[in-house]
Every structure is written in C-alpha cells, then in structure tokens.
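Have a look at the structure below, then the notes.
The values are calculated or read from the model by the stated rules, or taken from the named source; none is laboratory data. Here the structure is a predicted model, which means the values were calculated and not measured. In this analysis, Cβ positions are derived from the backbone assuming ideal geometry, glycine residues included, and neighbour counts consider all displayed protein chains. What goes into the accessible areas is simple: the full protein's heavy atoms, side chains included, and nothing from ligands, DNA or RNA. Shrake-Rupley method; radii C 1.70, N 1.55, O 1.52, S 1.80 Å.
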Amino acid sequence: MVCVLTESEKMNEMLGILNIVSLVAGILWLILRRIWGEASVKDYFTATQTAVLASIVFSLLFDEYTPFAPYVSADASATLVYILTAGVVYIWLSLSQKWFSAENLQANLFCVLALSALAACQIVNIAGNLAVMFVGIGLLLTVNYLFLYLSQQTEELHNICSRYGLSALFFAVLACVSLYLLTPSGWGLKQLADTVSSLNVSELYMTVAGILFIFLFMLAIAPLHFWFADTIAPAVLPVAAYFSLVPQISLWTAFLKINYSFLYPVMDNIDGVYIIFGILSVFAGAIGANTSRHLRKIFACGGIYHLGVMLLVIASFTDQAVLIGLNYMQMYILAMTGIYVVFYAFKSRGDYLYNLNMVGGFAKVHPFVAGALLFFTASLIGMAPLPGFGAMWAVLKEFTSAHHFALIAVMLGGLLLLLPAYLQVARSVCFAQKQENFDRMENNIYFYLFLLAALMLFLTIYPQFWDNRMPWIILAG
Amino acid sequence: MFLNLIPIIIFLPLLGSLFVAGSRNDAGGYSYNAVNVAVWVVCCNVLLILKLFASIEVNLDQIQAIVQIPWPIAPSGALFFGADMLGLMIVLGIHGALLLGILGLKDFLYGQRGVLFFAMFFLSAATGFFMAADLFSFYMFFVLMICPLFAQIGLISKGNAQKTPSRFFLYNFVGAILLLVPVAVIYTMENKTVLIADIAMLQMPDGSGILIWSSIFLAFILRLPVWPFHYWISSVNTVLKNPLVFTCVNLLPISGLYGFIRFWPAALPVEISSLVPFFETLCVITMLYLAFSGYSSTSLRDKMFSYIFIYYLLYLLGVFSPTDVLKQNIAYSLFAFMLVAAGMIMIVFHIDNESSKLQNSSGGILCLQPKAAFSYALLLLAGIGFPVSALFWNNFVIMSEILNANVWVGTVAVFTILLTAIFQLQNLYDLRDKSCLLTGQEKVYDIDNLRFAAGTIVMIVLFLSFIKPLWFVY
C-alpha cells in the first residue's frame, strides 16, 4: 500500500531535520562571526554548545518525523545513537574550551568542524539510501582530514595528515565504484538486498569490498587500522578525543545497518572476512597497546581490540548479535569518554600531560579522578560487577551458545595481552612517585565523570533499552 | 531475622571502608583514627557472624539461610547468598586474622589509611565469596577479591618491586578468566541461576565436561601455591613488608581451597579423577620444597611464608582425598590455623622491625621482649600441632585420611609437617638464645599490651576450640 502524504503532513515531516538545521545554523553563525571579526574562544564554544543542545532537543521532540523518505529513514535507534553522539560531543566541547583558551589554535575552525562532524554523523545515522549514507561518510572523511590539518604542529603530523588524506581518497573512490555498480537497481537500502543477491561473484566481491572497506577503514579495524593509533598520539588532545569518541558509534551503527539490511544474503561470503579482521584487530590492538607509554595511544590500541571483539560478535549475523554489538559499543564509548575526561584532568601548570611518566602519583593529589580512571578502565576489561561486565557477558554468552569456543579463546587471550598495558596505566597513576604538581580540578570534570558512570550503570541495568528500536533488524529475518 | 544478617555482614566492611577513607590522619600523618574505625567495624561484624552462627543448623551439610539480593545486571535477576558451618568458620577466621593484622600495623602506622581502606574492601569481598550460594556471585567475588589486594600491594611496593602488583593482578586475572568461561557455559546451558549446591547435578554435554572442569580446576589451583602455579605467591611475598597486607595476601589461597571444597566432592572426580594422583604428587613435592626452603632460610618472614603454605597444601591434600567427611575437620582446623598464622605474623613483623635495630641478627631478641616471647611461643606450639588447639585433633584426622588414601603421599606429607615443626622450633630457639645477644644493644621494644592481650585471647579461643570446636555457638 502506497502512503501519500498531504502538503501539511509533508511540512510536519520536515520537522525531522530541525536537528541538522540547528547545527547548520550554528556553523553559519560561526562563519559569519569570523567574517565580521574575531570573538572570544568562550563565545565560539558557547554558540557551538548551544547548537548541539538545540539539536538534541529537536531530535527528542521530532524523532518520529522522517523527511525526504525514502532517502532518509529515521528510527528510534538513529535517535538514540544521535543523542549519545551529541552528548559526547557536548562533553568534548565543554572540556576542549579550556584547552583552546590556553593554546593558540583556531577555535572558530574547530567549532565549525565539530558541528559539521555531528551533522555528518546524523546523515550517516538516518540514511535510508546508500548514496545518502556515503554523502555523510564523505563529509565525515573531509572533516577528519580537516581536523588533522588543524592539528598539524609537527612534521610528523603533517606526514600523517597527508597519508590519511590519500588513504581516505582511495577508499572513497572504491566506495564510489561500488555505488556505481549498484546504480541500475537504485540505492535504497531495502532494495539492495535483492540486487546484491543477483550479482555475479566478481561484481559481488567488488561491490561488497568497496562498501565494507570504507567502514572498516574509518572504524580503524585491522589491517586498516594503520592510521588510527599514529594519528591519535601526536594530535592535540581535542582532536585525539574527537577521533576516539565522536564518529565511532554512528559509523558502527551504520555498519550494522548495511550488514543487516542488505548484506545478510551474502553473509556466508563475508563472515570469514569479519572473523579474520576481528582476530587481527584483537591481537593488533592488544600488542600495540603494550608497545607505548603514550596514554592516548594505549587506549587507542585498546579501542582497536574492542572493535575487533565487536566484529567477531556480529560475524554470526544473528539478531541478538546486533543488540550485543550496539550494547558493547555504547559501553565502550561511554567508558572511553570517561577516560578522556580524565585525560583532560591530567594537567600541570596549564599543560596537558600525555605520557605515563608524567602522570605518576596523580592519585595522591586527585584520588577520586584516579578512581574514576580505574573504574572506566576496569569496565573496559569487563571486570565484574562493573558496568562493562554486562557487555562482555553478553558476548561470551553469544559465543558459547554458538559453540564458538575458539573465538572465546581469541577474545580472552587478547584481553590478557591487553591487560598489562592498562595495568601499567593504573600503576603509574596510582602507585608511582609524584612527578608533577597537578593543577586544581575543575568541578565539571567531577560532574561529567559522575554522569558517565551513572549512564553506564543505567544502560547495564537496562540492556534491553535498544530492543524494538531497530526496525531494520527485522529485515534480516 | 537471620536472613537479613547476611547482606549486612557482607556490606558492613564496605561501609566501614568509606569511613576509613573519610577518617583524618593524626598530626604527623599517623592513621590511628582509621585503625580504630577498622577495628570497630571488624568487631561488630564478628558479633553479627556469631549471631548468624546461632541461627543456622551447624550439623547440616548444606548451605542454609539462602537470601536473594535483587541484581539488575546480567546474567541473573538475583544474587544468592547463604551460610553453613564451613563458610561461616572461614569467614570468622578471616575476620579474626584481619583484626590481628590491623593490630600488627601498630609499628607501621604512618600513612596506612589506604591500606586499611582496601583491607576493609577485601574483607567485604572475601565475606561475599564465602557466603555466595550461586555460581555467578561466587565468580563475582572471586574476581573482586583481587582488586583490593592489587591496590594494597601497589601502595606498599617501592623501587624495583613496582611491577609486582601488575604481575599479581595479571596472574590472578588468568584464574578469574578460567572460571568465567565455565560459568558462562553453564549459564548458557541452564539459562537460569545455578546454585553452587546444584553444580554436581549438572549434565554436561559429551566432551565438554572435561574442558569445563579442567578450567575450573585450573582457576582454583592458580590461587594455591602448588608448583608450577605458585609464581605469584613467591614473587609477591618477597615485597610484603606490611603485616596487614601480608595477612590479607596470605588469606587469598583459601579462596582456591574453598573452591575445591565446594566443587570437588561430588562434581569433579568423574571428569578429571585420573589427574588426582598427579596433582597430589605436585602438592607433596611443593610441600617438601617449601619445608626445606623454610628450614634453610634465615628470614623470619620466609619461614612464616613456608609454614603457611605447607599447611594450605596439607588441607588441599585433605580435599583431594576421596572422602567427604573431612570437610568439617578442615573447617575447624582452618579456623584455628588462620588465627595462629595471623597472630604469628603480627608478632613476627614486630620482631623483624625491632631486630633491624640490632647490630648482628635477630638471635636472642625475644629475651628482650618477654610479652612477645610468651605469645609467640604459645602460638608457635599451637601452630606446629601441640595438643592445645583444634589444629591438633583435626590435622591428625586429615593426615590419617591422607595416609589411608595413599601411603606414599601421606608419608611425605607427615614428613614435611615434622620438618616444619622442626624449623619453627629451631627458629624459636634462636630467637630466645641469650648467647646471641650482644651487650649494649639499642633499646628494643616489646609488643604493647593490646597486642599481648590479642595474642592471649587468640590462645584462649584456640584452647576452647580444642575442647569444643563450636563453643561460641549459643
């Protein structure tokens, strides 16, 4: 049955894009402000945070409206993902403001990029059409590149920025080729399942590779992770925080969406790839984390490990696996946000500390913040009864019920390899001799740490929060 | 009424830890307030445990007074806790041992608030573990116990020993993971809460039983000082220069022992019973090695370390023996042993601390410390099996059962216990040998009245338990 909307209904549906409009309005304000004359860092950040808040409110109010259907197909999961992403962006902006007040970098450009990234994430979230999704991804790639460009203060970063740009371009071209191959049947996610099933083997591999590799590259899944840890270590703290926190959950949800919307008919062809890439990520992340004393790099490599675990979970292509994948991702993002909040607290005489040697004895000065770091780190390793355990337990149950005992061995073996790196962080922060005179703690650090811990606890208690909010799962049957 | 006591007993030390954290240091950074808070918390909990003891049927061989605590997080809707004579005896023993450990801190009171905070945390986790009635609670507290110990070891590790806490955590986390996998498999199979008492009745799929039980077996054995799984214990004990941390860490192997007691009798033997003689051999080899190293060592702490672990291995051999009747004897003996060992640790650390003032060695130091000498001698005699405590009767029964099951293993076990008694007596002789003392020594302090009183009370408790093991149950 074809549903025809009246003019007034069409107007109402347009309310669904108010969240993006508010972000665009924020971007315009920032640009105009820049043209008319410099404002203070505080002004830029206040305007940006206001735009983000407005965007969150509009998402909550108008989450049922879907403009431009079928190109856009907003659903409850997209709203949840967006609110989580926007919440993380709000915290990130709030903490970055202090950083920009101390450093001589372009706050205006940073704020424009932050809002653009959020808008791109929302486009990726709500896309009901592969081309629209790729537009969002293209925008996200551009923003990522510009963030690196903004951050380039050293020769090393300049090279990394160039390498990232070239790699991104390569994978974007591959994605465009895939899109081209799918052109005759249209790019709607719902129609693509039939199209993919009807492709011959060479076309299928070409198409699926193009679509998947852009995601795997952006999510930094091994062996396409080469750019991630190297980018995060030398980048300035706000940019490193962006790469670790902001695009991940939207990209992951979109990745799940394409897998369960139209790639499930060919799952027998790609589950092996996911398992191999997942195992590679688990070990590359775990080993990489142990080779560094750079705090951000340790956790970036830890992130590769966790993404590897998530990839292993979804390789089974069951409905339960999607829920577990999303639950795991949200726990990971919240825990990582908590860890980055602590990184923003590692400050001595106005300088942000980034090396294990520098943060020795931090717990003696700020025991609660150090305790929070331990809480989030222990959650990441799935220690019972902390919030992360629920996600880890769900993964274990999924593997055991499918009799994938080898994957359990990979996951837990990787965790044991990763653990020394996290223990090294705990040891330096809590037990080492004090190396620096740490700055006084700002109240918002405590507030955000408490908020994130409470949120993790809530989502652990109600893991079924995602149930029935993902209509696209049904497509997988 | 008794139903509500269990959660209170578990969480009271955790609450106490918050008060310890909030207590102010005295002028000069001494943690007298924290010590007082900790002592009061432990004493209150001991009273509650005695009350709970009075409420259960001590002769009944099953977990009673099962209480459910709502648990909103995976994998189940509730955590189950309960108590039986075995669990409560161990919990009571741990409380007593920790109390003695806290009193032992008197010589080390500078900046000990963190150590006391985590000791209370450990007490809560240990109590939860020994009262867990379902598999998930059991696992959760099994893991939780290592966190406060990691922090305690980290707080007292200095210089080259800074990697010790990481090694300790990593090694014990391997054990936790080895337990997690079977727990997940069992929950997936059953799809409901699994009580520990029901584990024996679980039907394992063909082929997976051996893997599940081997994993559980390894998880427990990693907590015990059996060669070649003893690495963490030997590496950690060399850096423990704090009596409370030493006591806490040396209580951890009881969790492995307790795991075997709960799982072994009915559930394990079918799958891996053929491996038992092999592990018994490993146990007695380790016992022999420990006995000889204790004999040859000159350090008081090393001798204590050897003594404690030889007895743990004796209990493990008792658990391995093919009979269920030893459970009660192990409970009585373990209770007495914990008090004896903690009392000795309290005095040994004092002697060690004071002997650092002497120019030559600690030989003869007890001649200058009459109160410490009295307490130490009595505890040591009780500890090596003189008929003054529950250790005597119950160890006699345990050893006779081991001999009954396997003459060779039993003979070596008896030999190591004799060797342990010899090196402990030799140690006592050295400490009391007046001829080793040099004149003009710097003033050596005796233990204070509080610790002397604690040592005497422990002896009275042990003597009463010799006459009637459960004399405190009213």
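Among all positions in region B:229-252, there is no residue which is in contact with a strand residue (DSSP E or B) (Cβ under 8 Å, 6 or more places away or on another chain), outside any helix (DSSP H, G or I) and modelled with pLDDT under 90. Scanning region B:106-117 finds no residues that are farther than 23 Å from B:TRP40 by Cα and within 10 Å of chain A (Cβ to nearest Cβ). Looking across region B:150-167, the residues that are over 17 Å from B:PHE118 (Cα atoms), in a helix (DSSP H, G or I) and open to solvent by 30 Å² or more (accessible area, probe 1.4 Å) come down to B:GLY159, B:ASN160, B:GLN162, B:LYS163, B:ARG167. In this structure, does A:LEU412 turn out to be touching a helix residue (DSSP H, G or I) at 6+ places or on another chain (Cβ under 9 Å) and either at pLDDT 90 or above or not aliphatic (A, V, I, L, M) (or both)? Spelling it out, A:LEU412 is indeed touching a helix residue (DSSP H, G or I) at 6+ places or on another chain (Cβ under 9 Å) and either at pLDDT 90 or above or not aliphatic (A, V, I, L, M) (or both). Of all the numbered requirements in (1) in contact with a Leu (Cβ under 6 Å, 6 or more places away or on another chain); (2) in a helix (DSSP H, G or I); (3) surrounded by fewer than 21 Cβ atoms within 10 Å (Cβ to Cβ), A:TYR65 misses one, and that requirement is (2).
A:ALA54 meets the conditions (1) among the small types (Gly, Ala, Ser); (2) part of a helix (DSSP H, G or I); (3) buried (at least 20 other Cβ atoms within 10 Å of the Cβ) in every case but one. The failed one is (3). Restricting B:THR193, B:THR188 to residues that are on the phi < 0 side of the Ramachandran plot, modelled with pLDDT of 85 or more, among the polar types (S, T, N, Q) and in the same structural domain as B:ASP61 (by TED's automatic domain parsing) narrows the list to B:THR188.
Quick grid of which residues meet (1) among the aromatic types (Phe, Trp, Tyr); (2) under 30 Å from A:TYR260 (Cβ atoms); (3) assigned to a helix (DSSP H, G or I):
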position	(1), (2), (3)
A:VAL81	no, yes, yes
A:GLY87	no, yes, yes
A:LEU109	no, no, yes
A:ALA117	no, yes, yes
A:ALA120	no, yes, yes
A:PHE134	yes, yes, yes
A:THR142	no, yes, yes
A:TYR149	yes, no, yes
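Any residue in region B:406-414 that is at pLDDT 90 or above, open to solvent by 20 Å² or more (accessible area, probe 1.4 Å) and within 22 Å of the chain's Cα centre (by Cα)? There is at least one residue in region B:406-414 that is at pLDDT 90 or above, open to solvent by 20 Å² or more (accessible area, probe 1.4 Å) and within 22 Å of the chain's Cα centre (by Cα). Taken together, the residues in region A:286-306 that are assigned to a helix (DSSP H, G or I), over 13 Å from A:ALA222 (Cα atoms) and β-branched (Val, Ile, Thr) amount to 1. So in region A:28-78, with the set limited to residues that are charged (D, E, K, R) and over 14 Å from A:ASN125 (Cβ atoms), which one is farthest from the chain's Cα centre (by Cα)? Result: A:GLU38.
Listed conditions (1) surrounded by fewer than 21 Cβ atoms within 10 Å (Cβ to Cβ); (2) of a type outside the set (A, V, I, L, M, F, W, C); (3) in contact with a Ser or Thr (Cβ under 9 Å, 6 or more places away or on another chain); (4) within 30 Å of B:GLU280 (Cβ to Cβ) are all met by B:THR420, apart from (1). Taken together, B:VAL388, B:VAL407, B:VAL397 contain a single residue that is of a type in the set (Val, Ile, Thr), out of contact with any strand residue (DSSP E or B) (no Cβ under 9 Å at 6 or more places or on another chain) and under 16 Å from B:MET338 (Cα atoms), which is B:VAL388. Mind checking which residues of region B:67-105 are more than 29 Å from B:TYR332 (Cα to Cα) and in a helix (DSSP H, G or I)? Across region B:67-105, there are no qualifying residues.
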